[in-house]
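**Student:** Quick one: this structure, given as structure tokens, is what I'll be asking you about.
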Amino acid sequence: ADSPEPVQTIVVCGKNTRLYHSLGEVIEQSLNPMVRLSYVHNVEELMSVSDLIITKAGGLTVSEALTKHLPLVIYKAIPGQEEENARFVERLGAGQVAGTEEELEWILKRFLSNPKEMEKIREKAAVAIPGHSTERAVEAMLQLTMNSRNEQKIG
């Protein structure tokens, strides 16, 4: 909202009405354009017009973002499957993980002030699921699932 670098933000709140309403004042005072949406059915379209996604590390969202070659910033991954998904994205080089607001702010400032950094991550995401995106996305989802099962057997 207060970035000196020009940026437009789309916030999808889903069914979280508390989050939706809490953003009212932030949007009013924002130096940059901000749009807030509640539950949407066009996440794929929103990803297509985005340069970066800040998200939790759900398997479907991670797979869709990789298919779209969209760099990910994963914020506060939930222990278990989401943490494994976040590690998977980092291993691919297709995103970064922020565990705190300070880390998130640092990552975003770095990307906004240096678009080449974001482009490098986009290229890694493109390599992760090149061509035949649907098949590669399914393979990535299966890999995430297998990682989860192996983790549960070990734990």
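**Student:** Measuring with a 1.4 Å probe in the full set of protein chains, what accessible area per residue, in whole Å², belongs to the chain?
**Tutor:** 64 Å²
**Student:** Could you please state how large a percent of the accessible area of the stretch 42-130 is carbon and sulfur, counting protein chains only and using a 1.4 Å probe?
**Tutor:** Its accessible area is 56 percent carbon and sulfur atoms.
**Student:** At a probe radius of 1.4 Å, what is the per-residue accessible area of residue 112, in Å² to the nearest 10?
**Tutor:** Approximately 50 Å² for this residue.
**Student:** Kirkwood Rh and Cα-based Rg: tell me the resulting Rg over Rh for the stretch 42-130, rounded to two decimals. All intermediate terms of the calculation are to be shown ahead of the outcome.
**Tutor:** Values: Rg = 11.9 Å, Rh = 12.7 Å.
Rg divided by Rh gives 0.93.
**Student:** Same structure, new question: Ignoring everything but the protein chains, give the 1.4 Å probe accessible area of residue 38 in square angstrom, nearest 10.
**Tutor:** Near enough 60 Å² of accessible area.
**Student:** Below 12 angstrom from the Cβ of residue 121, what's the summed charge of the other residues (Lys, Arg +1; Asp, Glu -1)? If you can, show how the numbers build up before the last one.
**Tutor:** Details: positive: 110, 116, 120, 122, 124; negative: 51, 90, 117, 119, 123.
My count for the surroundings of residue 121 gives 0.
**Student:** Against the longest principal axis of the chain, how steep is helix 115-128, in degrees 0 to 90 to the nearest 10, with axes from Cα atoms?
**Tutor:** 30 degrees
**Student:** Let me ask something additional. Note the listed values (1) 0.97; (2) 0.94; (3) 1.13, then indicate which one is Rg/Rh (Cα atoms, Kirkwood Rh) calculated from this particular structure.
**Tutor:** (1)
The values are calculated or read from the model by the stated rules, or taken from the named source; none is laboratory data. All figures in this text were calculated on a predicted structure; none of them were measured in a lab. Don't worry about glycine lacking a Cβ; one is built from the backbone with ideal geometry, like all the others, and counts go over all protein chains shown. What goes into the accessible areas is simple: the full protein's heavy atoms, side chains included, and nothing from ligands, DNA or RNA. Shrake-Rupley method; radii C 1.70, N 1.55, O 1.52, S 1.80 Å.
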